[in-house]
1. Do you know the relative contact order of the chain, to the nearest whole percent, from alpha carbon pairs under 8 angstrom that are 6+ apart?
2. Which residue, ILE21, ILE121, ILE69, has the most motion in a Gaussian network model of the chain that connects Cα atoms within less than 10 Å?
3. With r as the distance between the Cβ atoms of HIS20 and HIS88 and R0 = 35 Å, compute the FRET efficiency 1/(1 + (r/R0)^6) and round to 0.05.
4. Using 0.36 nm per residue, how much length does the chain from ARG162 to SER36 gain when fully extended, once their Cα-Cα distance is taken away?
5. For region 1-132, give the magnitude of the charge dipole about the Cα centre (Cβ charges: +1 Lys/Arg, -1 Asp/Glu; no others), in debye to the nearest 20.
6. Evaluate the distance, in nm, between pseudo-label points positioned 7 Å from the Cα of GLU74 and of LYS9 along their respective Cα→Cβ axes.
7. Going Cα to Cα from LYS87, which aspartates and glutamates come in below 16 Å? Please leave out same-chain ones fewer than 8 positions away.
8. Scan around GLU74 for amide H atoms under 5 Å from its own, H built in the peptide plane at 1.01 Å from N, and keep only partners 5 or more places away or cross-chain.
Amino acid sequence: MPSAVKIPKTNAARLLEGLHIPFSLHRADVDEDDLSAVSMARKLGAEPERVFKTLVARGDKSGVLMACIPAAAELDLKALAAASGNKHAEMVPLKEVRPLTGYIRGGCSPLAGKKVYPVFIDQSAAAHDHIYVSAGLRGVQLQLRPGDLLRAAHGTYAPLIRSAD
């Protein structure tokens, strides 16, 4: 059962504290066989639309960038390319994610990575009072206001998900 218990501070939490942005940390058990954001949403007792996964992509002009989209959604790479000023974007191979960001699959945060990359947040985030994103460790989530995430990540709202046609 998730809770707002005292959890060792992550770099993402330290960044938010330094910016005086309110947040809470939430921990949930990790199932190594199911690191999906939908599974995390279930464990948090949150709607999948409010739990955002962070994906790492590469644009043909901008290079590495991050996309935060709802747990059950699929990233539209053409939309990400358009939002980021690229002609094309592709997912970064999983083996490159840790060297680029310092984060591992299931624990990739849009905040306080090894390097600062452009962050694009699906515009649906703005419809919620609070959302969850990874705190940078598997099983640890930050709950914060979407506008605060946007500010902390120097992010941009954009339509990023495939429609359910």
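FYI, it's all coordinate maths here, none of it is from the lab. Note that the structure is predicted; figures quoted are calculated from it, not measured. Cβ coordinates were reconstructed from backbone atoms using ideal geometry, including for glycine residues, and neighbour counts include every protein chain displayed.
1. Numbers: 356 pairs, mean separation 43.9, N = 165.
Reported relative contact order: 27 percent.
2. It is ILE21.
3. Details: r = 38 Å, r/R0 = 1.10.
Plugging the Cβ-Cβ distance into 1/(1 + (r/R0)^6) gives 0.35.
4. Values: separation 126, 0.36 × 126 = 45.36 nm, distance 1.78 nm.
Between ARG162 and SER36, full extension yields 43.6 nm more.
5. On the way: 17 positive and 15 negative charges, 116 e Å.
About 560 debye.
6. Here the modelled spin labels are 4.1 nm apart.
7. Qualifying aspartates and glutamates at Cα under 16 Å: ASP60, ASP76.
8. Residues meeting the amide H criterion: ARG162.
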